1. Nearest 0.05, what FRET efficiency do Ala14 and Asp148 give at R0 = 56 Å with Cβ-Cβ as r?
2. Take the eigenvalues of the Cα gyration tensor for the chain, scale each by 5, and report the square roots as semi-axes in whole Å, largest first.
3. Based on the Cβ-Cβ distance from Ala292 to Ser71, what FRET efficiency comes out when R0 is 25 Å, to the nearest 0.05?
4. By how many nm would the segment from His38 to Arg130 lengthen if fully extended, with 0.36 nm per residue of separation less the alpha-carbon distance?
5. Val315 to Asp228: extension gain in nm, 0.36 nm per residue of separation minus the Cα-Cα distance?
6. Per the Kirkwood formula on distinct C-alpha pairs, the Rh of segment 152-272 is how many angstrom?
7. Using the heavy atoms of the protein chains and a 1.4 angstrom probe, tell me the accessible area per residue for segment 181-245 in square angstrom.
8. Is the shape of segment 18-102 rounded, prolate or oblate, going by the alpha carbon gyration tensor and its root eigenvalues a ≥ b ≥ c, with a/c under 1.5 for rounded and a/b larger than b/c for prolate?
Amino acid sequence: MNTQSPPTPLLQVADLRVHLHTHQGAVDAVRGIDFTLHRGETLGLVGESGCGKSLTALALMGLLPDAAQASGSILLDGQELVGLDDRALCRLRGNRIGMVFQEPMTALNPVHRIGDQVAEPLRLHRGLGRAAARREALALLERVGIADAARRLDAYPHQFSGGQRQRITIAMALACGPDLLIADEPTTALDVTVQQQILDLISDLVAERGMALILISHDLGVISQNADHMLVMYGGSVVESGPTEAVFATMAHPYTRGLFAARPQLVPRRPGERPRLATIPGTVPELAHLPAGCPFAGRCGFTMDACHTTPPPPVPLGALGALGAGHMARCIRLDAMPAAPEVGA
Ligand SMILES: Nc1ncnc2c1ncn2[C@@H]1O[C@H](COP(=O)(O)OP(=O)(O)OP(=O)(O)O)[C@@H](O)[C@H]1O
Ligand SMILES: [Mg+2]
């Protein structure tokens, strides 16, 4: 008998909600998210624009805008983050949680030299002196692949390409050796050829440092290649989640199917056919007008009356044995779904 208890998860999130005060009144932009993340693992968050991915990330970082408020539970190594004051959250940010944003210039200050910007968290959080922080900043910039970093420490952000700027923000996020890295669409603003290099860099660093990674993307391909587990979000809810391999093998939820069908294709699906971009009919509903039942009901081709009135409970999907453990979809029409299309088809 195995008497060893499982390792404590780095992050345990339960019923995370983000309440927003908008001009249309109070709405819930994130509606009860649950997940567990261990060190060394990558969790992918995927979904269309506006589904609540960034607000989820900002809630984890304690960086929500003034109009937003988090509730539920976020345990980082057993410590509750929901309700912590700004000072305590500020200590955690940078120290234990690092974030990489979509647009590097959001994180970089255009009027400060990059060496100083990477050194700042080292001085602030780790109390390093000027010279030691500069040495460490140089080592970090070299590690993330800034060529000739010693000479470029005193350059300004505009003197670098988009890909190099993203490497610099990754160096900043890593400066204090965080346990958790959150990358919110880290490659969306970059050239296609640079995207893979940045994703490879992030995944090498996660493995090398034993961090956990939350990777946010609207691109299923990025998630399939990089995440161990994934959450598919729609209208602030997780409609399907589980081990990445199991989710792709089944694509149980009609929304996951729709996302998969709508992925850009470079080659025709059939010989002679012009590549066409399939779309999911309709648009993401306004937060203030989300249906009472399943958030996807208004765009789904499989609905019955109950889909419009009652929020669907999570349905466990264990069909794939160990591979599928923890796989669930919130849908009451799973039995009506045809077999999943083959990935790569
Ligand atoms: N500061 C804010 N004030 C009001 N509404 C907001 C605010 N920030 C986000 N929202 C709304 O909350 C919802 C979720 O936004 P969020 O930024 O999390 O989406 P997302 O999934 O990250 O989308 P994208 O893929 O476009 O980045 C959206 O409807 C958005 O309009
Ligand atoms: Mg976003």
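1. On the way: r = 47 Å, r/R0 = 0.84.
Efficiency at R0 = 56 Å is approximately 0.75.
2. Values: eigenvalues 256, 112, 81 Å².
Each semi-axis is √(5λ); the values are 36, 24, 20 Å.
3. Numbers: r = 21 Å, r/R0 = 0.82.
The formula returns an efficiency of 0.75 here.
4. Working: separation 92, 0.36 × 92 = 33.12 nm, distance 3.45 nm.
Full extension from His38 to Arg130 adds 29.7 nm.
5. Numbers: separation 87, 0.36 × 87 = 31.32 nm, distance 2.03 nm.
Extra length from Val315 to Asp228 when fully extended: 29.3 nm.
6. On the way: mean 1/r = 0.0612 Å⁻¹.
Kirkwood radius, segment 152-272: 16.3 Å.
7. Numbers: 2120 Å² over 65 residues.
Dividing the accessible area of segment 181-245 by its residue count gives 33 Å².
8. Working: a/c = 1.71, a/b = 1.27, b/c = 1.35.
Because a/c hits 1.5 or more and a/b fails to exceed b/c, segment 18-102 counts as oblate.
The values are calculated or read from the model by the stated rules, or taken from the named source; none is laboratory data. Computed from a predicted structure; not experimentally measured. Glycine gets a Cβ as well: all are built from the backbone with ideal geometry, and neighbour counts include every protein chain shown. To get the accessible areas, we keep the full protein, side chains included, count just its heavy atoms, and leave off ligands, DNA and RNA. Shrake-Rupley method; radii C 1.70, N 1.55, O 1.52, S 1.80 Å.
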